[in-house]
1. Kindly indicate whether Ala117 is of a type in the set (A, V, I, L, M), within 26 Å of Glu15 (Cβ to Cβ), open to solvent by less than 40 Å² (accessible area, probe 1.4 Å) and out of contact with any strand residue (DSSP E or B) (no Cβ under 8 Å at 6 or more places or on another chain).
2. Identify the single condition in (1) buried (at least 17 other Cβ atoms within 10 Å of the Cβ); (2) farther than 28 Å from Arg212 by Cα that Arg356 does not satisfy, given that it satisfies every other one.
3. Name the single residue that is most open to solvent (accessible area, probe 1.4 Å) among those in the range 199-216 being farther than 18 Å from Asp179 by Cα and outside any helix (DSSP H, G or I).
4. When you go through Asn67, Asn112, Asn89, Asn76 one by one, which is the residue that is in contact with a Ser or Thr (Cβ under 6 Å, 6 or more places away or on another chain) and among the polar types (S, T, N, Q)?
5. Do any helices (runs of 4 or more DSSP H) entirely within the range 38-124 hold 3 or more residues that are modelled with pLDDT of 80 or more and not hydrophobic (A, V, I, L, M, F, W, C), and if so, which?
6. Restricting attention to the range 1-23, does a residue exist that is exposed (fewer than 11 other Cβ atoms within 10 Å of the Cβ), modelled with pLDDT under 70, in a loop (DSSP other than H, G, I, E, B) and of a type in the set (Ser, Thr, Tyr)?
7. Name, by its number, the condition in (1) hydroxyl-bearing (Ser, Thr, Tyr); (2) within 28 Å of the chain's Cα centre (by Cα); (3) modelled with pLDDT of 85 or more that does not hold for Tyr374.
8. Restricting attention to the range 311-349, report how many residues are within 15 Å of Phe384 (Cα to Cα), open to solvent by less than 40 Å² (accessible area, probe 1.4 Å) and either not in a helix (DSSP H, G or I) or not β-branched (Val, Ile, Thr) (or both).
Amino acid sequence: SLAAKWIGVKDGEEEAAEAEKGLSSLLLLGSTRSVRPYLSFLKLKCEVRFERLAKIARLLFQILYRNDGDLYHEANVAMALSEVLKYLNKHPGCPPPGSPDRPVFDWRQLYNKFTAASFKGSDWIGYARHGGHHLEGSEASNQRMKSLCKLVRRARNFFSQTASREILIEIRPYLLLHDINFYMASSILCIFFPDDGLESAGGSVAVLQEFREIWKLVPNCTEWHLIWITLFNRIFRHNADQMTEELNPLIEDLSYTFLQLLNVPTAKDNAQNPDQLTWPSNCSFIVEGKKDMKAETVKKLTRCFVFTISPNTITKTVFERTLQYLAPFFHPLQEGGYTKCLDMFIKMIALNYSKRLGMESGKHKAKKPWKSTYMLSEEDNKWFEG
C-alpha cells in the first residue's frame, strides 16, 4: 500500500506540473479557453504538494484578471479557480489563518471584478445615475455572477489580515438606507467580509454591534435576514473566543426574528402581519440557489444559538424561553405553515450541538480551528438533553 500511495503522489505531482505548465502558456497567450481540462487531477483526488496548488491558484487569478470580457470564459475560469481554492483550503499542509506562510490573495482586484460585473461595467455612482454600460444576455450574466459569488466565498479564506477593515472602509459610505445602492452594498459586504482578522476592524464585538444596527434597518424581508444572519453565524463560529455579554442584545434580536419568521399564531384577534419587502432583482446573486429562504434562515439561526452558548451570554435563557413559547405548536393537532421550520429547527439544533461537541473533543474535523475559550460542560449537556 505504501508503494501505491507513492505512485499516487507521483502521478498527482506530474498532473499538477502539467497543469501549471499549461496554465502558464494560456496566460502568455492571453487566452481563457481550455482551463478546466488542466484541473482533472482535482477530480481524481491525487495528492499534490500545497505549494504547487498555490501556484496554480495564482496563475488562475492572473488569467481571470486578464479576461477580455467574454462572460462564458470568465465564468469558466471563476468556477475552476473556486475548485482549486476549495482543495487548497482543505489541504493538510495549508497554514492556519494569520500564518506568514499562508497564501494571500488581493481582495481589491477581486472586488473590482465583482463590482464591474454587478454594475455591468459601471461603478457605484454611475450605476445609480444611469444604470450599466454593457448590454448582456441574462443567462450568461447570471452564470457569471453565480461563478464569481462561489469564487469570493472560497477566496475570502485567503484575504489579508487587514482586509476586514479595508472592505468596511470601502463599502461603509453606501450602507445608508436612503442610498439607492443600499441593498447592493449590503450584499457585497456580506459576501466579501472575511471570518478572520477582525482585529483590524476593531474586533469581532465591535463589528457585530455595527452590523446589528445595519441589519435592524430592514425588519420585514426574509432574504435580508438570511444574508445578515449568515454573516453573524460565520463571525460567531470563527471568533467564539470573543463571545461576551456585549453581544446579548444581538442574541435577543435574533430570537425575536426567529419567531417572526415562523409566523406562529398569537392570542391576538387582529394580529399584525407586516407586509414582506421584496428583494431587489439586481441583488439576487447572493441568494441564488436558495429554494426556501425561510428554512435556510432558520438553519443559520440555529448555528448562531449553538455557537454562542457561554456563561457570558444569555443564549441558554433565550433558547429556553423560545422553546417554552413554541412547545404547543409541536403537537400534531397544531400543524400549520410553520411546522416544517419547527422540524428544521429541532434537527439543526441537535446537529450543530453535536458538531460543537465533536470539534471541542477533536473528533469532528472543521475547515478552521475551533477557537472557543469555553468548552461545553457536563452541566451544559444535561441542560441540552433536558
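The values are calculated or read from the model by the stated rules, or taken from the named source; none is laboratory data. Keep in mind that this is a model prediction, so the values were computed, not measured. As a convention, Cβ positions derive from the backbone with ideal geometry for all residues, glycine included, and neighbour counts pool all protein chains shown. When the accessible area is computed, the model is the full protein with side chains, heavy atoms only, and any ligands, DNA or RNA have been set aside. Shrake-Rupley method; radii C 1.70, N 1.55, O 1.52, S 1.80 Å.
1. Working: of a type in the set (A, V, I, L, M): yes; within 26 Å of Glu15 (Cβ to Cβ): no; open to solvent by less than 40 Å² (accessible area, probe 1.4 Å): yes; out of contact with any strand residue (DSSP E or B) (no Cβ under 8 Å at 6 or more places or on another chain): yes.
No, not satisfied.
2. (2)
3. My answer is Gly202.
4. Details: Asn112 fails: in contact with a Ser or Thr (Cβ under 6 Å, 6 or more places away or on another chain); Asn89 fails: in contact with a Ser or Thr (Cβ under 6 Å, 6 or more places away or on another chain); Asn76 fails: in contact with a Ser or Thr (Cβ under 6 Å, 6 or more places away or on another chain).
Result of the check over Asn67, Asn112, Asn89, Asn76: Asn67.
5. Qualifying helices (runs of 4 or more DSSP H): 50-65, 71-90, 107-118.
6. Taking every residue of the range 1-23 in turn, at least one turns out to be exposed (fewer than 11 other Cβ atoms within 10 Å of the Cβ), modelled with pLDDT under 70, in a loop (DSSP other than H, G, I, E, B) and of a type in the set (Ser, Thr, Tyr).
7. (3)
8. Total satisfying the criteria: 3.
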